[in-house]
1. So between D60 and E370, what do we pick up on full extension, going 0.36 nm a residue minus the alpha carbon distance?
2. From the phi of every residue in the stretch 344-349, what ³J(HN,Hα) in whole Hz does the Karplus formula 6.51 cos²θ - 1.76 cosθ + 1.60 yield, where θ is phi - 60° and glycine or proline is x?
3. Quick one: of K74/K304; K74/K183; K183/K397; K208/K397; K125/K280; K200/K304, which pairs are farther than 25 Å apart, Cα to Cα?
4. Determine the shape class of the stretch 74-139: with a ≥ b ≥ c the square roots of the Cα gyration tensor eigenvalues, call it rounded for a/c under 1.5, and otherwise prolate if a/b is greater than b/c, oblate otherwise.
5. Going by average Cβ neighbours within 10 Å, how do the peptides 237-244, 43-50, 320-327, 160-167 rank, with the highest at the top?
6. Say each of Y232 and R343 gets a label point 7 Å from the Cα, pointing the same way as Cα to Cβ; how far apart are those two points in nm?
7. Under a 1.4 Å probe, what is the accessible area of the stretch 182-228 per residue, stated in Å²?
8. Is the stretch 250-339 best put as rounded, prolate or oblate by its Cα gyration tensor, with a ≥ b ≥ c the root eigenvalues, rounded for a/c under 1.5, and otherwise prolate when a/b is larger than b/c, oblate when not?
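The values are calculated or read from the model by the stated rules, or taken from the named source; none is laboratory data. A quick note: this is a predicted structure, and the numbers were derived from the prediction, not measured. Methodologically, a virtual Cβ is constructed for each residue, glycine included, from the backbone with ideal geometry; neighbour enumeration extends over all protein chains shown. Areas reflect the complete protein model, heavy atoms only, side chains present, ligands, DNA and RNA absent. Shrake-Rupley method; radii C 1.70, N 1.55, O 1.52, S 1.80 Å.
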Amino acid sequence: MEGAWMNRNPQLGARTAVRELVMRLCCLALVIAVLPGSGQPRSDEPVAEPAITAILAAFDRYDVVGIPAGHGLKDLDDLILTLIRNPAFWNKVNDIEIECGNSLYQDVLDRYTSGADVPFREVQKVWRNATQPPCGLSGFYEQIVPLVRAINQKLPREKALRVLGGDPPFDWDQIKNAEDLHKAVLSLRRDTNIASVIEKEVLARHRKALTLMGTFHLVHGVGALTLYEGKYPNSTFVISELGAFGTNLTDLSKSPFAAWPIPALARIKGTWLGKLDLSKFLPPPMIVDQECNPHADFPGPLRKPVEELFDAVLYLGPQDLRLWEKVPADIVLDTDYMKERRRRAALSGSPTLAVQTPDGLDRQIFERAENPLFKIDAPLLSAADFEQAVRDCRERKRQPPPK
């Protein structure tokens, strides 16, 4: 019936024939696109999206989104600050967990970010008194915590953002000598504390959190995630920065990211990028294994394709043109705090902490001024540091397991 009608309308029949031809050509083009050597995008090519939009969209499916932060990469810190200032973030997220947040001061942190009259010098203890010395030199935390306070002043109390300290409670005022420090460090369980905060303050309360941690603390199957992912599967979306990958290209037009937006986020599961191993992104760390033997390598759980470790990567622009975060002048000129840092460095006895002394810090500042471009180098540990790490390992093995 339809065919007879078309035969009585030759012009319409011709149009239909043209339309069918176009559809067949489109189908042929799709077939050619997936053929090897066709010059078209590979089927395993990662799809890059504008980073802020993609990160916000991840909260529609996941309760926790993890991003590395506060480790000297200015471009990444700037992206996170931009993300948090986006009003869409306030509508989706409840908490921000920071690695450089001493949970001993959680009450101070809560009162300050809620708008209470808390002196900033008291709030600074949150990151300056963390267990990791570099935290106290980062201007990122001096910005993000006051930023959250300012945002909360615009929000109803029930929508206020909360900043959570992920670092174990650690009281530097009680550390009087090297023995005190040694015992305190041996008792630290940083991944346990990070995971406990996520589980108790976020997941158990049906809240959503942005978690800002170093790469090795927040990867699937390793570290903090292993302590709660069994109970809360598929709850966490892990984002990594590209690290050292692609930093050796002299011709940016040949970069696999040349056409990506800046900044961009791309999921890596099932892509050629996800099939790479971690050594393409980061140099192997100097570690002491379970038998207390030191060597340079990734531990076993990290020796796998990166798509099994994290879910997406961030591209912040040409890899060789990223910038170091500067050490703020207010930190360097704080004589009392610098004196306290010297005391802590002396107690540790670690040669690599010499950079935390005034002379070492001055050298670092001048070197960063002369070389502001961010580079990832293999961690360099002295022989003394390795010997101390081995001794600590052996002492931990002699101690009874925690109850």
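1. So the chain would gain 107.3 nm between D60 and E370.
2. Whole-Hz 3J(HN,Hα) from phi for the stretch 344-349: 5, 5, 5, 5, 6, x.
3. Flagged as over cut-off: K74/K304; K74/K183; K208/K397; K125/K280; K200/K304.
4. oblate
5. Ranking the peptides 237-244, 43-50, 320-327, 160-167 by packing returns 160-167, 237-244, 320-327, 43-50.
6. Roughly 3.7 nm, to one decimal.
7. Counting only protein heavy atoms, the per-residue value for the stretch 182-228 is 40 Å².
8. oblate
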